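Read through the structure below, which is laid out as structure tokens, and then see the notes.
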Amino acid sequence: MSKPKPVRVAKIDETDALYGELNNLVLANHSSLIPAKIQLCFNFGWKTDRDGLLILGKAKKVSDLEKEYLDADFVIQLNHEAVTHTDWDISKTRALLDHELYHCDAALDKDGDQIKDERDRLCWRLKKHNLEEFREVVEKHGLYKQDLVEFAEALKR
């Protein structure tokens, strides 16, 4: 008999304190997400990639197919080993949840109204990071584009 396949994902119960943190962040910083249904889960076994980077979390927009079976608009996965490590604290958890929430956004039409599908469900989208750059490029060439300038200004504040 073969060894059982490991299950790498576990839904976080909605009574968990992480949902309180999530809801506080939505109310404080992400008001467009108030009507969104966001589920949390732990991912077990994420390892560092070949560049030595560890995934701490991922936001996923639920597809139309998944919506047929899951009452959610987004699922946020958290790296279980990272967020339960002794060096990790609640301020880091808040920062990680806030980061993942910034990926989640309302899908808007040209007039700025949130789009609804033919079943009258609100539509959502995932946003990319504001900044993607290599440290070495900034070290050599400085703040050569506007998103870098804005990021540096935010760091100064």
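With respect to (1) over 26 Å from THR15 (Cα atoms); (2) open to solvent by less than 60 Å² (accessible area, probe 1.4 Å), the lone exception for GLU153 is condition (2). Each residue in the range 5-20 was checked for being of a type in the set (Asp, Glu) and closer than 23 Å to LEU122 by Cβ, and 1 of them qualify.
This table checks each residue for (1) within 13 Å of the chain's Cα centre (by Cα); (2) more than 20 Å from HIS129 (Cβ to Cβ); (3) at pLDDT 95 or above.
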{"site": "ASN23", "(1), (2), (3)": "no, yes, yes"}
{"site": "PHE42", "(1), (2), (3)": "yes, yes, yes"}
{"site": "ASP71", "(1), (2), (3)": "no, yes, no"}
{"site": "ILE76", "(1), (2), (3)": "yes, no, yes"}
{"site": "ASP89", "(1), (2), (3)": "no, yes, no"}
{"site": "HIS99", "(1), (2), (3)": "yes, no, yes"}
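Restricting the range 78-97 to residues that are without any contact (Cβ under 8 Å) to a residue 12 or more places away in the chain and part of a helix (DSSP H, G or I) leaves a set whose member that is most open to solvent (accessible area, probe 1.4 Å) is LYS92.
Condition (residue is farther than 21 Å from ALA106 by Cβ and touching a Leu at 6+ places or on another chain (Cβ under 6 Å)) applied to the range 23-36: is it met by at least one residue? No, the range 23-36 contains no residue that is farther than 21 Å from ALA106 by Cβ and touching a Leu at 6+ places or on another chain (Cβ under 6 Å).
The values are calculated or read from the model by the stated rules, or taken from the named source; none is laboratory data. In this text, all values refer to a predicted model and were calculated from it rather than measured experimentally. Heads up, the Cβs are rebuilt from the backbone with ideal geometry, glycines too, and the neighbour counts pull from every protein chain shown. Note: accessible area is taken over every heavy atom of the protein model, side chains too, but ligands, DNA and RNA are not part of it. Shrake-Rupley method; radii C 1.70, N 1.55, O 1.52, S 1.80 Å.
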